[in-house]
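Asks: Sharing a structure below in structure tokens format, with a few things to ask.
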Amino acid sequence: MALNITENIDGIFQLIGGNFSTAGEASTQLKHKLAEIGVDEEIIRRATIATFEAEMNVIIYAAAGWLHYYITPGSIKIRIEDMGPGIENIELAMQEGYSTAPEWVREMGWGAGMGLPNMKKNSDTFTVDSVVGEGTTVEMVINFP
């Protein structure tokens, strides 16, 4: 199926730490945008999962953050930047089930330690850059078939 895209599309969402009432809004809006331009359902699913996980990490851990997306005829690039505590050990944080989420977040059903692993699993290209005490940037690219 040909995509209904004549020029690159980009967007940005501001994410506010601790604001669980808006959790999922950015990923839902991106999902609708991808469907609108005719992206394959499997790609939409992957992008939505990866974006939702990133969104939740900002809401759980950071004071604030931004989710940027860039859609081209060949891929979608998702970049999340936050003003959070940073990740002390990225290798450890990439292990399924590892979590530094506070108990109150776990009691809400979040913080199971699957965020970064799910982002990586649903991306064709995945990078994490983090500075302790400053924040984290995650970049994900999902290629279109």
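Asks: Please find the FRET efficiency linking PHE20 to ASP124, where r is the Cβ-Cβ separation and R0 is fixed at 30 Å, and quote it to the nearest 0.05.
Replies: Calculated transfer efficiency: 0.50.
Asks: Let me ask another. For the chain, find the longest principal axis of its Cα atoms and tell me its angle to the long axis of helix 25-36, 0 to 90°, nearest 10.
Replies: The angle comes out near 20 degrees.
Asks: Relative contact order, percent, of the range 1-136 when contacts are C-alpha pairs under 8 Å separated by at least 6 residues?
Replies: Working: 230 pairs, mean separation 36.7, N = 136.
Contact order relative to length: 27 percent.
Asks: Set the Förster distance to 25 Å, then compute FRET efficiency between THR72 and ILE49 from the Cβ-Cβ distance, nearest 0.05.
Replies: Details: r = 20 Å, r/R0 = 0.82.
Computed FRET efficiency for THR72 and ILE49: 0.75.
Asks: Further question on the same structure: Only four residue types carry charge here, +1 at the Cβ of Lys and Arg and -1 at the Cβ of Asp and Glu. Report the dipole size of the chain about the Cα centre in Debye, rounded to the nearest 20.
Replies: It works out to roughly 240 debye.
Asks: Check the chain and count each lysine pair with an alpha-carbon distance under 17 angstrom, considering only pairs eight or more places apart or from different chains.
Replies: 4
Asks: Pop out the Kirkwood hydrodynamic radius of the chain from its pairwise C-alpha distances, inverse of mean 1/r, in Å to one decimal.
Replies: 15.3
Asks: Using the Karplus curve 6.51 cos²θ - 1.76 cosθ + 1.60 with θ = phi - 60°, what ³J(HN,Hα) values do you get for each residue of the range 99-105, in whole Hz, with x for Gly and Pro?
Replies: 8, 10, 5, x, 4, 4, 6
Asks: Roughly how many whole Å is it from the C-alpha centroid of the range 101-131 to that of the range 1-58?
Replies: Measuring centre to centre over Cα atoms gives 17 Å.
Asks: Report, to the nearest 10°, how far helix 41-61 tilts away from the longest principal axis of the Cα atoms in the chain, using its own Cα long axis and a range of 0 to 90°.
Replies: The angle comes out at about 30 degrees.
All of the numbers you see were taken from the coordinates with simple rules; none came from a lab. Quick caveat: nothing in here was measured; it's all calculated off a predicted structure. As a convention, Cβ positions derive from the backbone with ideal geometry for all residues, glycine included, and neighbour counts pool all protein chains shown.
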